[in-house]
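Engineer: The following block contains the structure, expressed as structure tokens.
The values are calculated or read from the model by the stated rules, or taken from the named source; none is laboratory data. Keep in mind that what you see is a predicted model, and the values were worked out from it rather than measured. Cβ coordinates were reconstructed from backbone atoms using ideal geometry, including for glycine residues, and neighbour counts include every protein chain displayed.
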Protein chains: 2
Amino acid sequence: MTSGRATPDRPGARRAVAATAHVTLDAVAREAGVSPATASRALNGTATVRDDLRKRVHAAADRLGYIPNAHAQALAGSANNRTVGVICHDVSDPYFAAISSGVMRAAAERGLLVMLASTFREPAREISYVSMLRAQRARAILLIGSGFQDRAWERAMDTELEPYVRAGGRVAVVSRHRSLRVDTVQPENQAGAAALARALVGLGHRRFAVLSGPPELTTVSDRLAGFREGLAEAGIGLDQVVEGAFTRDGGYEAARRLLLCAARSPYRARPTCVFAVTDVMAVGALAALREAGSRVPEDVSLAGFDDIPLVRELSPPLTTVALPLTSMGENAIALALREVGAGRRARVVRVAGEVVLRGSTGVPGGGVR
Amino acid sequence: MTSGRATPDRPGARRAVAATAHVTLDAVAREAGVSPATASRALNGTATVRDDLRKRVHAAADRLGYIPNAHAQALAGSANNRTVGVICHDVSDPYFAAISSGVMRAAAERGLLVMLASTFREPAREISYVSMLRAQRARAILLIGSGFQDRAWERAMDTELEPYVRAGGRVAVVSRHRSLRVDTVQPENQAGAAALARALVGLGHRRFAVLSGPPELTTVSDRLAGFREGLAEAGIGLDQVVEGAFTRDGGYEAARRLLLCAARSPYRARPTCVFAVTDVMAVGALAALREAGSRVPEDVSLAGFDDIPLVRELSPPLTTVALPLTSMGENAIALALREVGAGRRARVVRVAGEVVLRGSTGVPGGGVR
DNA sequence: GCGCTTTCAGAAAGCGCTTTCTGGTAAGGT
DNA sequence: ACCTTACCAGAAAGCGCTTTCTGAAAGCGC
């Protein structure tokens, strides 16, 4: 089936099964009876070409089914690369999926192809992806989500990224701090968490627990600090902070540990409200709570952060701090690719979170009343 | 900051802000005091290079921070391209996200970069992505998820794909039929739906409704046919089929329409069990049911298909036919990239679905008892 | 009608690599 | 000591484009 026309004239044929070669610009030019230079100009519109020639070239290209070789184009042209790279932990995590979706939409509008790389939370993979994207001469590299704990890795990233930006590459990070000055889309984690805390206090809660992630991540520490701050305004402290992995199961495990502690403490000292620093963790927490027989929100209120689409479907639907995830992705790419004057300065876009009260939070002791 | 070393010798410098050029292989070769050919061989290990030279080249490459230009490599080499393309409707849909995640893992193991394209359900975009991926000379193109209703579009896809495979490109489709003979990963939709039907009948249900998608999609028609078949074995017919879009909101709308009908019919004639042809639709349906005050499963049982991770978190968790989504993605890439002998034949991998009974289904009339 | 600018097609020089091809040197055989 | 073989480094030819550069033809003013 694939055999097609072999090249029997050449004695040392590459492979037994001959593959039809790609149609080249030269072939198109020959077919149209013009020079390759003219064909290139006609196809790309980079210079004025006499009308009849232009038509002939286009007709020839169509007839032959010409597809330009992007590699050759990138190699020959100065900056013809039509790809951007995105690095995140895992596309199947709804948080990254939502942001990536925004990136893709924005990329599609610009006619760019997105190379998406999942690190599966391995720092080494992240760095190797950056260098692969560098090799691909991606126009921009977007780093989405929190970096890794290890300072050494961050340093390594910087040395990887630095020559890239020097060579004209654009870097933007979403929801992540970088020592290198790069474009940044940063949610207002602290303000958002503070607002959430205020809202929960407003509901009547006084005893709080937090399901936290790796404290080295600024996302975590900012949200934690913001939450504390919001509580402090009402003179309330944080009773408990339990750390877990930044995943659904991390939230589940953390909630179990929290429940274990709670079981040992007197009823009146137990937290009436739990804040999970991400929705993804909150999902796990909700499962753990339910398994343990705690009713949400009657026995305990639960809140998250991010507003990933999924939390609206939970029952009760999750109270959270809504972030415009899709547009954060769009912003990141717009930021990275914006035309720059001589004085290119890294820009930081801060996006606000909005507290959305849903069914997972209620007045404390709702179940006992 | 970006200024670095300009090139003051050249009078007509490209830009005001000089960008440090990339380090080339030639530079590495010069630094190591060898020829570019040797440098290439040393770096790629394509031929034996004297040990001291090899070390010198590697040292020079490290010192200079050499990153090979993938475009030049692809252009010069025969088949050095390290990218595969994936086209799906939307990465933020958990179904595609799960499959994509599998693709990425498999790609990562092979050192490949994935170019991921979301069509956002626009046929035109799908075709233009194929041609972009062709231009990129992607090693393989993976088409994930159902194609479009329009036969004309499918035809256009074929004419786009056909020269690609002739030129040695690999194509694999997941959960989609192709007129072109290409590698396929196909869930056993019919058998799965039939098994589900049997299980539901086993629970005691006799009156069923289906929330269906666009009937032109084989995924839909197969699942529908299978479900009918399973019911027929017990001498039961399908009371109602409501069509909706293949999305969460499509499921929601379809369920609302179903409820409208049900409200007009006598209680004893109302379906006791609803099957949504995809989990994503079932999520919407569950919301609609809940809004309407129907308790699941007491008043009505609900089942889906796919087992996307999210449905485990619902309450009640959704009964569904579980598909190994991640490994389907892995399979697809393995299939497409497998080494082929002379007789390359398109292969079809059928993956079975497993009925998973969860809380969303119960015995009929469970609420009245 | 002559020299001027302007317009536009083609020739040719790369872009940064890989991969023959070529040839020099060392190793091995007799 | 001579010839063959093996090994390995460098020269050079592209891969398929874009983009100068060059030059022919056409348009214009005087």
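Engineer: Restricting attention to the stretch A:258-277, report how many residues are surrounded by 10 or more Cβ atoms within 10 Å (Cβ to Cβ) and assigned to a loop (DSSP other than H, G, I, E, B).
Structural biologist: Total meeting the criteria: 5.
Engineer: Still on this structure: Could you tell me which of the residues B:Ala287, B:Ala334 is more than 24 Å from the chain's Cα centre (by Cα) and closer than 23 Å to B:Pro94 by Cα?
Structural biologist: One residue alone meets the criteria, B:Ala287.
Engineer: Is at least one residue of the stretch B:38-61 β-branched (Val, Ile, Thr), crowded, with 22+ Cβ neighbours inside 10 Å and at negative phi?
Structural biologist: Checked against the condition, which is being β-branched (Val, Ile, Thr), crowded, with 22+ Cβ neighbours inside 10 Å and at negative phi, the stretch B:38-61 yields at least one hit.
Engineer: Tell me which residues, restricted to the stretch A:25-52, are without any contact (Cβ under 8 Å) to a residue 24 or more places away in the chain and among the acidic types (Asp, Glu).
Structural biologist: A:Asp26, A:Asp51, A:Asp52
Engineer: Something else now. Considering A:Glu126, A:Glu154, which residue is over 17 Å from the mean Cα position of the chain (by Cα) and away from DNA strand C (no atom under 15 Å from the Cβ)?
Structural biologist: A:Glu154
Engineer: Does A:Val84 count as near DNA strand D (Cβ under 8 Å from one of its atoms) and either under 31 Å from the mean Cα position of the chain (by Cα) or modelled with pLDDT of 95 or more (or both)?
Structural biologist: no
Engineer: Give the number of residues within the stretch A:73-105 that are without any contact (Cβ under 8 Å) to a residue 40 or more places away in the chain and within 16 Å of DNA strand C (Cβ to nearest atom).
Structural biologist: Residues meeting the conditions: 6.
Engineer: While we're on this one: Condition test on A:Thr219, is it under 30 Å from A:Glu354 (Cα atoms), modelled with pLDDT under 95 and outside any strand (DSSP E or B)?
Structural biologist: So A:Thr219 passes the test.
Engineer: Out of the stretch B:254-299, which residues are within 11 Å of chain A (Cβ to nearest Cβ), over 23 Å from B:Ala197 (Cβ atoms) and aliphatic (A, V, I, L, M)?
Structural biologist: Listed by number, the list holds a single entry, B:Ala287.
Engineer: Okay, moving on. Check the stretch B:46-60 and report whether any residue there is acidic (Asp, Glu), more than 9 Å from DNA strand C (Cβ to nearest atom) and closer than 30 Å to A:Ile99 by Cβ.
Structural biologist: Within the stretch B:46-60, none of the residues are acidic (Asp, Glu), more than 9 Å from DNA strand C (Cβ to nearest atom) and closer than 30 Å to A:Ile99 by Cβ.
Engineer: Looking at this structure, is A:Ser315 among the hydroxyl-bearing types (Ser, Thr, Tyr) and either touching a Phe, Trp or Tyr at 6+ places or on another chain (Cβ under 7 Å) or within 11 Å of another protein chain (Cβ to nearest Cβ) (or both)?
Structural biologist: Taking the combined requirement at face value, the residue satisfies it.
Engineer: For the stretch B:350-366, what are the residues that are of a type outside the set (Ser, Thr, Tyr) and in a loop (DSSP other than H, G, I, E, B)?
Structural biologist: B:Ala352, B:Gly353, B:Leu357, B:Arg358, B:Gly359, B:Gly362, B:Val363, B:Pro364, B:Gly365, B:Gly366 - these are the residues of the stretch B:350-366 that are of a type outside the set (Ser, Thr, Tyr) and in a loop (DSSP other than H, G, I, E, B).
Engineer: Let me ask something additional. State the number of residues belonging to the stretch B:16-37 that are more than 7 Å from DNA strand C (Cβ to nearest atom), assigned to a helix (DSSP H, G or I) and surrounded by 16 or more Cβ atoms within 10 Å (Cβ to Cβ).
Structural biologist: Qualifying residue count, the stretch B:16-37: 5.
Engineer: In the set B:Glu339, B:Glu313, which member is without any contact (Cβ under 8 Å) to a residue 12 or more places away in the chain, over 18 Å from B:Gly192 (Cβ atoms) and in contact with a helix residue (DSSP H, G or I) (Cβ under 9 Å, 6 or more places away or on another chain)?
Structural biologist: B:Glu313 is the lone residue from the list that is without any contact (Cβ under 8 Å) to a residue 12 or more places away in the chain, over 18 Å from B:Gly192 (Cβ atoms) and in contact with a helix residue (DSSP H, G or I) (Cβ under 9 Å, 6 or more places away or on another chain).
Engineer: Does B:Leu116 satisfy the criteria of being in contact (Cβ under 8 Å) with a residue 12 or more places away in the chain and more than 30 Å from B:Leu310 (Cα to Cα)?
Structural biologist: no
Engineer: Shifting gears a bit: If a residue has to be more than 6 Å from DNA strand D (Cβ to nearest atom), part of a helix (DSSP H, G or I) and of a type in the set (Gly, Ala, Ser) to count, how many in the stretch A:62-80 make the cut?
Structural biologist: Result for the stretch A:62-80: 2.
Engineer: Would you pick out the residues in the stretch B:155-181 that are away from chain A (no Cβ under 11 Å) and closer than 29 Å to B:Gly353 by Cβ?
Structural biologist: Correct list: B:Met157, B:Asp158, B:Leu161, B:Val171, B:Ala172, B:Val173, B:Val174, B:Ser175, B:Arg176, B:His177, B:Arg178, B:Ser179.
Engineer: Any idea which of B:Leu142, B:Leu203, B:Leu180 is modelled with pLDDT of 95 or more, surrounded by fewer than 23 Cβ atoms within 10 Å (Cβ to Cβ) and farther than 18 Å from B:Thr278 by Cβ?
Structural biologist: None of the others qualify; the one that does is B:Leu203.
Engineer: Can I ask one more? Under the condition of being more than 8 Å from chain B (Cβ to nearest Cβ) and surrounded by 24 or more Cβ atoms within 10 Å (Cβ to Cβ), which residue from the stretch A:103-128 is nearest to B:Asn69 (Cα to Cα)?
Structural biologist: Looking at the filtered set, the residue picked out is A:Ala107.
Engineer: Modelled with pLDDT of 95 or more, closer than 30 Å to A:Glu298 by Cβ and in a helix (DSSP H, G or I): does that describe A:Leu211?
Structural biologist: Taking the combined requirement at face value, the residue does not satisfy it.
Engineer: Could you please find all residues in the stretch A:291-334 being more than 22 Å from B:Gly359 (Cβ to Cβ) and part of a helix (DSSP H, G or I)?
Structural biologist: A:Leu325, A:Thr326, A:Ser327, A:Met328, A:Gly329, A:Glu330, A:Asn331, A:Ala332, A:Ile333, A:Ala334
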